[in-house]
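Below: one structure, written as structure tokens.
The values are calculated or read from the model by the stated rules, or taken from the named source; none is laboratory data. Quick caveat, the model's predicted, so the values are computed rather than measured. Cβ placement follows ideal geometry from the backbone for every residue including glycine, while neighbour counts extend to all protein chains displayed. Areas reflect the complete protein model, heavy atoms only, side chains present, ligands, DNA and RNA absent. Shrake-Rupley method; radii C 1.70, N 1.55, O 1.52, S 1.80 Å.
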Amino acid sequence: MPRPVSGVTRGGRGRGRGRGRGRGRGRVSAAAAAAKPENRSADRVEMADGSGGGLGGSNKANGKGVEEEEGSTAPFPERVSVGGSPMYKIERKLGKGGFGQVFLGRRVSGGSDQAMGAAATEVALKFEHRNSKGCNYGPPYEWQVYSALGGSHGVPRVHFKGRQGEYYIMVMDMLGPSLWDLWNTSGQAMATEMIACIAVESLLILERIHAKGYVHGDVKPENFLLGQPSTPQEKKLYLVDLGLATKWRDGGSGNHVEYDQRPDIFRGTVRYASVHAHLGRTASRRDDLESLAYMLIFLYRGRLPWQGYQGDNKSFLVCKKKMSSSAEMLCCFCPDPLRQFLEMVVNLKFDEEPNYSKLISLFGGLIGPNPAERPIETDGTLTVIGQVGQKRGRLNIEEGDDGLPKKKIRLGAPATQWISIYNARKPMKQRYHYNVADVRLAQHIDKGLADGLLISCVASCVSLWALVMDAGTGFTSQVYELSPFFLNKDWIMEQWEKSYYISSVAGADNGSSLVVMSKGTHFTQQSYKVSESFPFKWINKKWREGFHVTSMTTAGTRWGVVMSRNAGFSNQVVELDFHYPSEGIHRRWDQGYRITATAATCDQTALVLSIPRRRLNDETQETLRTSQFPSTHVKEKWAKNLYLSCLCYGRTVS
């Protein structure tokens, strides 16, 4: 369980201390606007405060918001008529969630024998209280999404909507059992052809939703429903519950939305969410497809390896397990097309358009030739499936659409390596030492000081120190402390009183730390935090107060982050990953950011990227990951006037 985060701040003449748990309240998802029974198969949450599925603080996702919200709502009306609809009598509850509740409504008079449509006798009525969080600015956001997607293949129509009393109400088609229901009633296992039919039809539904510019955001068995039994729609698949849908395409420009990462935000269901959702990255089309892959594997195998985790850090453990589970391991008892599908979707880039036809064609060989005998209606994908025979011989998932080898985004085994960052500088003298024992540290530092060099960055590997000194720090004087404690508060506060500020820190596996404090910085106030988990919530709070991260480190699983006022940055972001966020780094570089701090534990790597207030003459920056200290590489970089700016040792990917 993450421990309380402790912090110390020094500013001007005063100083203060703060302590807090950073807890928040989560919300379990709304039941879909259709006949979905209540279940507790997986926790679906939408968090924006570091308290839920995100990785930037305490990960509490207990769904208590449902009961509390219900206790404050008005009684439901016995009869409903909204937006010009007929009068419906409420008969029974079909499902519930954090955003609303769904009831069966029966038309009081008139109607047709058709199971679906505005004239149907039975409908699904979805209620959301006007004071619920989803209705802060008027009608539920989901209304807007259904208006944009209604009538799209596999998305049920909203026939009427409006407000009655204390509730916003949608009148929708009544549907049948969910894939979760079918899985439970079929012995918690599904046949290969059933899985293949679900795959191809789900892909077509998602393709149509994506074509409208939306990402569903919560793909799971409970949200896929069939039509009502004994009707022409009984084998037709529908995707419901659009409360977490977001736009991947800007409605005005038509461009893909910009990449971002907020580790304190999680949207979706923990069991099926993509790793990018766990990490708080902006949702895009790849996330729906990764969730679909996990759903298909679950329906076939009956279980996913990350089920069973509990506690405040559940999402942390689930995401870590997902990123360490290879497609071969996850799909070892599955048909090979499932493995191929998973490999393809987890390696999609943020803004890459999926090749839906290629993905659908993977499953064609598992589906029988007679459409009438298929367990799920697949009329929409008949054309693609029919072309499988002639395409299958040349289908290569290792190639992109241009026929060139496809670079994989998430590939390789977790590794522990040195991460080193190099910035372009004017020619200067720089010196490094590594594998330095405690007793030799003073000797190297004194020699550097005598040669006119000051410490620019420090790091640790297996409780041995790495030290970089150069002539370009701009500092006027420096002190340091090697302490058996991780960021010794008393010594740091004593140096703050002497107008020294922390300029570099390093922590060792044995809990000791090396803190370097300097004069000649531009800092006017400083604060630091020690935490058992990456303290993104605190960082975000300090950003709003005008602070920026200026150095950070780890000791074992603990994080130490230093933030300063007047750091010379106009903006700052964080890239946090269980491997190495290569794609995120390159996207941030394209946006004008440069890495200014890095730290890693045995589980995670974090990089802070900043935009300087004054534009650099040469913005060149390079990174390296090496198993050994990069001594040879450093010398090669020097030849190109690239100098070590920061480094750390910890989790990457080989």
- line: Restricting attention to the range 131-167, the residues that are in contact with a Gly (Cβ under 9 Å, 6 or more places away or on another chain), touching a residue at least 60 places away in the same chain (Cβ under 8 Å) and either closer than 27 Å to His210 by Cβ or crowded, with 18+ Cβ neighbours inside 10 Å (or both) number exactly 16
- request: Could you check, for the range 120-130, whether at least one of its residues is assigned to a strand (DSSP E or B) and free of Cβ contacts under 8 Å to residues at least 40 places away in the same chain?
  value: no
- line: Only unsatisfied item for Gln526, checking (1) open to solvent by less than 10 Å² (accessible area, probe 1.4 Å); (2) among the polar types (S, T, N, Q); (3) under 20 Å from Ala459 (Cα atoms), is (3)
task: Please go through the range 340-356 and pick out each residue that is farther than 17 Å from Val275 by Cα and surrounded by fewer than 16 Cβ atoms within 10 Å (Cβ to Cβ).
output: Glu353, Asn355
field: Boolean, Tyr272 is buried (at least 24 other Cβ atoms within 10 Å of the Cβ), in contact with a helix residue (DSSP H, G or I) (Cβ under 7 Å, 6 or more places away or on another chain) and assigned to a loop (DSSP other than H, G, I, E, B)
entry: yes
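Condition check ((1) touching a residue at least 24 places away in the same chain (Cβ under 8 Å); (2) of a type outside the set (S, T, N, Q)) across all residues:
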| site | (1), (2) |
| --- | --- |
| Lys537 | yes, yes |
| Val549 | yes, yes |
| Asn566 | yes, no |
| Val573 | yes, yes |
| Leu576 | yes, yes |
| Arg587 | yes, yes |
| Asp590 | no, yes |
| Ile595 | yes, yes |
| Thr601 | yes, no |
field: Leading residue by the ranking (nearest to the chain's Cα centre (by Cα)) among those in the range 344-379 that are modelled with pLDDT of 95 or more and acidic (Asp, Glu)
entry: Asp351
message: For a quick check of your reading of the model, give me the residue pairs whose first member lies in the range 184-209 and is touching a residue at least 40 places away in the same chain (Cβ under 8 Å) and at positive phi, whose second is open to solvent by 10 Å² or more (accessible area, probe 1.4 Å) and of a type in the set (Gly, Ala, Ser), with beta-carbon atoms closer than 9 Å and at least 6 apart or on different chains.
response: Gln188/Gly302
field: Residue satisfying all of: in the range 567-620; assigned to a loop (DSSP other than H, G, I, E, B) and among the charged types (D, E, K, R); nearest to His278 (Cα to Cα) among these
entry: Asp603
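Count, please, the residues in the range 606-647 that happen to be among the β-branched types (Val, Ile, Thr) and in contact with a His (Cβ under 6 Å, 6 or more places away or on another chain).
The total comes to 0.
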task: Restrict the check to the range 439-457 and report whether at least one residue is at pLDDT 95 or above, of a type outside the set (Asp, Glu) and within 34 Å of the chain's Cα centre (by Cα).
output: yes
query: In the range 501-527, which residue that is more than 34 Å from the chain's Cα centre (by Cα) and among the small types (Gly, Ala, Ser) is nearest to Leu441 (Cα to Cα)?
result: Ser518
field: Failed condition for Glu234, given (1) under 23 Å from Gln101 (Cβ atoms); (2) part of a loop (DSSP other than H, G, I, E, B); (3) modelled with pLDDT under 95
entry: (1)
message: Residues to consider are Lys408, Lys426; find the one that is at pLDDT 90 or above, part of a loop (DSSP other than H, G, I, E, B), among the basic types (Lys, Arg) and exposed (fewer than 14 other Cβ atoms within 10 Å of the Cβ).
response: Lys426
- prompt: open to solvent by less than 70 Å² (accessible area, probe 1.4 Å) and either of a type outside the set (A, V, I, L, M) or free of Cβ contacts under 8 Å to residues at least 40 places away in the same chain (or both): does that describe Ser631?
  reply: yes
message: Quick check on my filter: what residues within the range 131-156 are hydrophobic (A, V, I, L, M, F, W, C) and in a loop (DSSP other than H, G, I, E, B)?
response: Val155
- prompt: Got a sec? Which of Asp287, Asp260 is surrounded by 24 or more Cβ atoms within 10 Å (Cβ to Cβ), acidic (Asp, Glu), on the phi < 0 side of the Ramachandran plot and modelled with pLDDT of 95 or more?
  reply: Asp287
field: Of residues in the range 544-566 being at pLDDT 95 or above and not in a strand (DSSP E or B), the one nearest to the chain's Cα centre (by Cα)
entry: Arg544
